[in-house]
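What follows is a single structure, written as structure tokens, with notes after it.
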């Protein structure tokens, strides 16, 4: 079963990470889900695939009534992000899933309809949560063509989807990045291949560097905090990504 | 029955209905051939005149039979399509049920709301299962109807052979046609029997 760990709490405002499923079959990529609770509203980011739904649901039940989750946020359309939507809707038919407008007719193949899917316009939007609001920050082409991150300006936390993700070996399962240089080796290959556009990457780095971020929370791997956030942004800005690196690899 | 066993059983049902649909295509093709043959036989009997009056009547009957058989097969095909849709839905529900049950087992404490959802889903699931059973029974009825139609076809194709014997100078041509009729009808009957047996096994 996954475990639930609170990473931020300020009154009724809380971030909980659901991560590290030791019982997960090896062929399913490990994922991090984040529960953002505020004043009785509960939003779950990238709720994951159908296969891990039982583990996510059970872990959530240790910190919140899972039936009270009323919003989902899908950074993009991949199965490891949102193929559990049908199961969430089985539990709460009133649940609303925020996702890029590009995918609102694709994701219903996993479940949901035009009522349950709330399209986010390309330029992003505010998503209300309790007395506050979150910001859906455009991250198109990183890696999906319709891709968003979720910024909580009050908690100063950025949920960064696949940006910042790392494919960690089983013996390096720490929740937070402890040694940036050591950690980033597990992120390099992923970012080179999955992030297809240098232009999109630099645009994101420029915008992200202007946000006040205490924690950057990716969907796979470990959480960056403090100075490691800016360290990551700088590292990412310098990293060659996309087709040029792929061609180079083919020639080598 | 466990969810896995149910899934296996639904998968088998799905495969059976898909096979049924393939079998129907074969019967429709033969029915079409009978229709063309009967049309040619009607023309031939017209040319033969009075000596083939009886043969002409029988050819018309065979043509009507082929049209009825085609219609019946279209209805069967439509039922099989409905069954495939229902079973696909059933399989999807089974999978979700399995995952929700797994969720229930992993919960550190019972969650009555989840139990209620599982119970409600089980009811819907059982209703879907009942719908599948009803479609299957309807299919069996239609297959039985098709079998009777083919048995009638066998009888009249034999009559066609007898009538061909009165065809004088057209006798040989009429005999060849009646032989072809008989062969085609004989081909359909085992196909229908196989389809019936396939449906009964589900």
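Got a sec? How would B:73, A:215 order by Cβ neighbour count within 10 Å, fewest to most? Provide the component values of the computation, followed by the final result.
Details: B:73 26, A:215 22.
Fewest-to-most ranking of B:73, A:215: A:215, B:73.
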note = Put in order of increasing Cβ neighbours within 10 Å, starting from the fewest, A:126, A:186 give A:126, A:186
inquiry  = Can you give me the distance in nm between label points at residue B:189 and residue B:64, each placed 7 Å from the Cα along the Cα-to-Cβ direction?
reply    = 2.1 nm
inquiry  = Taking every alpha carbon pair in region A:150-252, what does the distance histogram look like in 10 angstrom bins from 0, in percent?
reply    = 15, 49, 29, 6, 0
key: Gyration tensor over alpha-carbon atoms, region A:1-116, equivalent ellipsoid semi-axes in Å   = 21, 18, 12
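Pairs of Cα atoms under 8 Å, at least six residues apart: use those to get the relative contact order of region A:52-147, whole percent. Provide the component values of the computation, followed by the final result.
Values: 122 pairs, mean separation 22.0, N = 96.
Here the relative contact order equals 23 percent.
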query = What angle do you read, to the nearest 10 degrees and between 0 and 90, between the alpha-carbon axis of helix A:180-194 and the longest principal axis of chain A?
reply = 90 degrees
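Once Rh is set to the Kirkwood radius over Cα pairs, what Stokes-Einstein translational diffusion coefficient, in µm²/s, holds for region B:3-201 at a temperature of 4 °C and a viscosity of 1.567 mPa s?
Values: Rh = 19.5 Å.
Reported coefficient: 66 µm²/s.
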remark   = Rh_Kirkwood(region A:89-211) over Cα pairs, Å, one decimal, evaluates to 16.3 Å
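Nearest 5 is fine: what % of DSSP beta bridges in the protein assembly as shown come out antiparallel, could you say? Working shown, then result.
Numbers: 32 of 47 bridges.
So the antiparallel bridges in the protein assembly as shown amount to around 70 percent.
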ask   = Which whole number gives the average, over all residues in A:55-63, of C-beta atoms from other chains lying within 10 Å of the residue C-beta?
value = 4
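Using r as the Cβ-Cβ distance of residue A:245 and residue A:199, and R0 as 22 Å, what FRET efficiency do you calculate, to the nearest 0.05? Don't skip to the answer; put the middle values down first.
Working: r = 15 Å, r/R0 = 0.66.
The value I calculate is 0.90.
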Taking region B:3-201 and dividing mean pair separation by its residue count, relative contact order in percent (alpha carbons under 8 Å, at least six apart) = 31 percent
ask   = Where a ≥ b ≥ c are the square roots of the eigenvalues of the C-alpha gyration tensor, would you call chain A rounded, which needs a/c under 1.5, or, failing that, prolate if a/b is larger than b/c, or oblate?
value = rounded
message = List residues of region A:209-242, by number, whose backbone nitrogen lies under 11 Å from a label position 7 Å along Cα→C-beta of residue A:181.
response = none
Global geometry of region A:70-156, whether rounded, prolate or oblate, following the gyration tensor of its Cα atoms and the 1.5 cut on a/c = oblate
ask   = Using a ≥ b ≥ c from the Cα gyration tensor of region A:173-230 (square roots of the eigenvalues), is it rounded, prolate or oblate, where a/c under 1.5 gives rounded and otherwise the larger of a/b and b/c decides, a/b for prolate?
value = oblate
key: region B:88-183 - Debye-derived log10 I(q)/I(0), Cα point model, q = 0.14 Å⁻¹   = -0.70
ask   = Once you wrap a convex hull around the alpha carbon atoms of the protein assembly as shown, what is its projected area averaged over all directions, in nm²?
value = 29.7 nm²
note = If the label point sits 7 Å along Cα→Cβ of residue B:169, residues of region B:51-84 with amide N under 13 Å come out as B:51
ask   = If we count other beta carbons within 10 Å of each Cβ, what is the order of A:194, A:235, A:15, fewest first?
value = A:194, A:235, A:15
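Normalised by the residues of chain A, what does the relative contact order come to in percent, with Cα pairs under 8 Å and at least six apart? Walk me through the numbers on the way to the answer.
Values: 506 pairs, mean separation 35.4, N = 252.
Averaging sequence separation for qualifying contacts and normalising by length gives 14 percent for chain A.
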ask   = Between the helical axis of B:112-164 and the dominant principal axis of chain B, each derived from Cα atoms, what acute angle in degrees is found, rounded to the nearest 10?
value = 10 degrees
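Every number in this text was worked out from the coordinates using simple rules, so none of it is lab data. On a predicted model such as this, the values are computed, not experimentally measured, just so you know. Positions of Cβ are backbone-derived with ideal geometry, glycine not excepted, and every protein chain shown enters the neighbour counts.
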